[in-house]
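Here's the structure we're looking at; comments come further down.
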Amino acid sequence: MPDDLDRDLADEPLKGTVTDSEVVYRGRVWDVRRDAVDLGSSSVVREYVDHTGAVAVLALDETDRVLLIQQYRHPIRSRDWELPAGLLDVSDEAPLAAAQRELAEEADAVAESWNVLTDIASSPGGSNEIIRIYLARGIREADDVFAREEEEADIRVRWVPLDEVVHAVLQRRLRNAPLAVGVLAAAASRAGGYASLGAPDLPLERGSWLSRPLENGHPSTPDTGTAAR
């Protein structure tokens, strides 16, 4: 890693004072929330998707191939290639445990070693979703095959060389955001001898869990049941 990097370059946490908050739409998977926020010099009202947070897994085998899955995504009317991923919607489940569960459920695979690759805010202007992307290595088939349902029932699994996936992203043939960020981060980390990787249990600040806004004068509480991923 270059010695001349600006190590102070980082997002700056800033919590505006929420003076009013309400759920204006309660959905099956996530809600839309409206907050009135006092920023000191001004007050604003913002509506955003109040998200549970999510994890994604870049599984890399011994020949530098990435495990990709393909499934139908209705909002973009497309079967896009993705990393195994899912919501942090199980009460008290650690992000690493969620990532391990998703890899088994969506790709029937398990991994021997895990590291944090990167964290991303998927759409900070309209959602508080934070996605943690893990690098998983030492991949083998899971002992049990998961019974997938609904849009996950016809998931396709494919192993593709990391460099080919990076090339497809740069050619705009693959558009899934966690996939694009994950493979570009993995390629950059590999070039630096994977020195950038974080410990698998690195604390994660998640949008909805970081600071629940007030609802009728009290902190609101997210649903804890498992939702569709």
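Just so it is clear, none of the values below were taken in a lab; they were calculated from the coordinates. Note that the structure is a prediction, hence the values are computed from the model and not measured. A quick note on method: Cβ atoms are made from the backbone with ideal geometry, for glycine too, and the neighbour counts reach across all protein chains shown.
The table below lists the values:
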quantity: Separation between Cα centres of region 11-62 and region 69-128, rounded to whole Å; calculated: 18
quantity: Region 1-84 - percent relative contact order, Cα under 8 Å, separation 6 or more; calculated: 16
quantity: Exposure proxy order (Cβ contacts within 10 Å, fewest to most) of THR17, THR118; calculated: THR17, THR118
quantity: Fully extended contour minus Cα-Cα distance, from VAL23 to ALA10, at 0.36 nm per residue; calculated: 1.6 nm
quantity: Low-density loop positions, GluC sites (Glu not before Pro), region 93-191 - DSSP coil, at most 12 other Cβ in 10 Å; calculated: GLU149
quantity: Net length gained if the chain between ALA195 and VAL157 were fully extended (0.36 nm per residue, minus Cα distance); calculated: 10.8 nm
quantity: Per DSSP, loop trypsin sites (Lys or Arg not before Pro) in region 27-97 with at most 16 further Cβ within 10 Å; calculated: ARG28, ARG77
quantity: Separation of the SER123 and HIS74 label points, Cα + 7 Å toward Cβ, nm; calculated: 1.6
quantity: Selection from ALA111, SER122, ILE155 lying farthest towards where the dipole of region 54-191 points positive, charges on Cβ; calculated: SER122
quantity: Sequence-separation-based contact order of region 54-191, relative, with Cα cut under 8 Å and 6+ spacing, percent; calculated: 32
